[in-house]
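The values are calculated or read from the model by the stated rules, or taken from the named source; none is laboratory data. Here the structure is a predicted model, which means the values were calculated and not measured. Note that we place each Cβ from the backbone using ideal geometry, even for glycine, and neighbour counts take in every protein chain shown.
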Amino acid sequence: MAATSITLTARDASVDHEIQAIVSGGAAGSTCSTDLAAGPWSFDAVAGYGPGASMGDVIPTDAPRQGELPRAYREAPEAELHDRIRAAKAALGDRVVVLGHFYQRDEVVQHADYVGDSFQLAGAAKAHPEAEAIVFCGVHFMAETADMLSRPEQSVILPNLAAGCSMADMADVDQVEECWEQLADVYGPLDVPDEDGRVPVVPVTYMNSSAAIKGFVGRNGGIVCTSSNARTVLEWAFARGRRVLFFPDQHLGRNTAKAMGVPLERMPLWNPRAPYGGSSEETLRDAEVILWHGFCSVHRRFTVDQIETARAAHPGVRVIVHPECPMPVVDAADEAGSTDYIRKAIEAATEPTTFAIGTEINLVRRLAAEHPQHTIFCLDPVVCPCSTMYRIHPGYLAWVLEELVAGRVVNRISVDDAVADPARVALERMLAAKPLPTGGARA
Ligand code: SF4
């Protein structure tokens, strides 16, 4: 898409259209990288997450690379790509299900059969055993989860293999195994319960982690959580262990544990490059939650200053942020909750309300377009989408669908049984975990 071809309309929710207009000088505003106006294929040969919020993060050397997208898809006008996607979907019928994450660009989401968060979309994949292929317009760990929860005969396809997740990549399974060995040095055998029946430490991983990490957790008595059920999962873990090792997102771990009454000084940060994670043995013995040194570069952009600016400009504004935001931002907001929480809070507002939202901009813009009775804006004034989600462009979606029509499966994401079996155990523990009737006192 050429930057000059975009004309913004008042109700156009497309972040891509706005970036094109800003970069071409056709609209006011700023974006974190003018490179966002280029097609994502420009970055397929370059090691990195690409332009957007994660562009400063270090990509692992073994991160999957996308091969060259055929020229026909790179050069097709946007309208032609939409026609081709619709035609391919019509030809495939029930043989394919297209899933679109909340943070995905509008040009892709409009073709999704289901739109949701990673866990909702994994459920949607599971609900379609008749589909031969599930095209997951999200990021790599989401496609892995869908593969583990779908039938073995089904192909889960990620339209651009370079759509990883910088946060998930911050917890490498080798580093986690090494951490586990060091914790055994401090606490003794990690599978031996004390007189209360609790083991020294229970590993908990956020859904935003690799299948290898979920498998590690499953093998070691641990559990997966989402941003919707993190508190329930921590309650589950504290009932079984004296402390929790939480990865990869330190902010979700800290915000959740703090709300449960865990003192900050009992939540040391584990730096995988330092012996004992950079803490003393005494600190680790006193720890209740050990936080892995990971974060989301999208949610790390939100600041207390932005909240103060929004409050000054919009008296009465309701500020809702995602719990992946840093703790001072969560503390300064009116509410914190998952993408599902944010959506439901806006849908439940019966009076016209001004909302300032701290989460990924594609979702915020879509919510604003869907709820014109409210004023809804992103706390961050700079247009800066999730880099990796942005790697999926309609050109890649058209390509994988037309390959399916031709009888070819490209970009299949497949998790080995040796990893998937214990990972499913950790996911099933999450599904079975129930909130404490008291509202969540720690054991
Ligand atoms: S928004 Fe953050 S956690 Fe979500 S895919 Fe992007 S980098 Fe990963």
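Some notes on this structure:
A quick yes/no check of all residues on (1) free of Cβ contacts under 8 Å to residues at least 24 places away in the same chain; (2) within 17 Å of residue 361 (Cα to Cα); (3) surrounded by fewer than 15 Cβ atoms within 10 Å (Cβ to Cβ):
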| residue | (1), (2), (3) |
| --- | --- |
| 26 | yes, no, no |
| 29 | no, yes, yes |
| 32 | no, yes, no |
| 37 | no, yes, no |
| 43 | no, no, no |
| 49 | no, no, no |
| 54 | no, yes, no |
| 60 | no, no, yes |
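- Residue 210 surrounded by 19 or more Cβ atoms within 10 Å (Cβ to Cβ), among the small types (Gly, Ala, Ser), within 16 Å of the ligand (Cβ to nearest atom) and touching a residue at least 40 places away in the same chain (Cβ under 8 Å): yes
- Of the residues making up region 22-42, none is assigned by TED's automatic domain parsing to the domain that holds residue 126, touching a Leu at 6+ places or on another chain (Cβ under 7 Å), among the aliphatic types (A, V, I, L, M) and over 15 Å from residue 387 (Cα atoms).
- Out of 351, 324, sole residue that is assigned to a loop (DSSP other than H, G, I, E, B) and within 16 Å of the ligand (Cβ to nearest atom): 324
- Every test in (1) more than 16 Å from the ligand (Cβ to nearest atom); (2) within 22 Å of the chain's Cα centre (by Cα) is passed by residue 371 save one, and that test is (2).
- All told, residue 273 falls short of being in the same structural domain as residue 205 (by TED's automatic domain parsing) and in contact (Cβ under 8 Å) with a residue 40 or more places away in the chain.
- Residue ID - nearest to the ligand (Cβ to nearest atom), chosen from residues in region 123-138 that are farther than 21 Å from residue 90 by Cβ and in contact with a Gly (Cβ under 9 Å, 6 or more places away or on another chain): 138
- Scanning region 329-368 for residues that are among the hydrophobic types (A, V, I, L, M, F, W, C), farther than 13 Å from residue 102 by Cβ and in contact with a strand residue (DSSP E or B) (Cβ under 9 Å, 6 or more places away or on another chain) returns 329, 330, 332, 333, 336, 345, 349, 355, 356, 368.
Residues checked against (1) in a loop (DSSP other than H, G, I, E, B); (2) closer than 21 Å to residue 430 by Cβ; (3) among the basic types (Lys, Arg); (4) not assigned by TED's automatic domain parsing to the domain that holds residue 340:
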{"position": "100", "(1), (2), (3), (4)": "no, no, no, yes"}
{"position": "103", "(1), (2), (3), (4)": "yes, no, no, yes"}
{"position": "119", "(1), (2), (3), (4)": "no, yes, no, yes"}
{"position": "129", "(1), (2), (3), (4)": "yes, no, no, yes"}
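- Residue in region 403-411 that is surrounded by 14 or more Cβ atoms within 10 Å (Cβ to Cβ), touching a Leu at 6+ places or on another chain (Cβ under 8 Å) and either under 16 Å from residue 84 (Cα atoms) or at pLDDT below 95 (or both) present: yes
- All positions within region 139-193 that are within 16 Å of the ligand (Cβ to nearest atom), outside any helix (DSSP H, G or I) and of a type outside the set (Asp, Glu): 139, 158, 159, 160, 161, 162, 163, 164, 165, 170, 171
- For region 256-292, filtering for residues that are in contact with a Phe, Trp or Tyr (Cβ under 6 Å, 6 or more places away or on another chain) and under 25 Å from residue 330 (Cα atoms) leaves 5.
- Residue in region 333-342 that is within 16 Å of the ligand (Cβ to nearest atom), within 29 Å of residue 71 (Cα to Cα) and crowded, with 24+ Cβ neighbours inside 10 Å present: no
- Considered as a group, the residues in region 276-296 that are more than 21 Å from residue 60 (Cβ to Cβ) and either acidic (Asp, Glu) or touching a residue at least 60 places away in the same chain (Cβ under 8 Å) (or both) include one that is nearest to the ligand (Cβ to nearest atom), and that residue is 290.
- Only a single item in (1) surrounded by 16 or more Cβ atoms within 10 Å (Cβ to Cβ); (2) closer than 22 Å to residue 390 by Cα is not met by residue 128, and it is number (2).
- Some residue of region 431-438 being within 16 Å of the ligand (Cβ to nearest atom) and in contact (Cβ under 8 Å) with a residue 24 or more places away in the chain: no
- Among the residues of region 297-318, the one identified as within 21 Å of the chain's Cα centre (by Cα) and more than 16 Å from the ligand (Cβ to nearest atom) is 303.
- When the residues of region 109-122 are filtered to those that are crowded, with 24+ Cβ neighbours inside 10 Å and within 14 Å of the ligand (Cβ to nearest atom), the one that is farthest from residue 87 (Cα to Cα) is 118.
- Of the residues making up region 402-420, not a single one is closer than 30 Å to residue 309 by Cα and either over 19 Å from the mean Cα position of the chain (by Cα) or of a type in the set (Gly, Ala, Ser) (or both).
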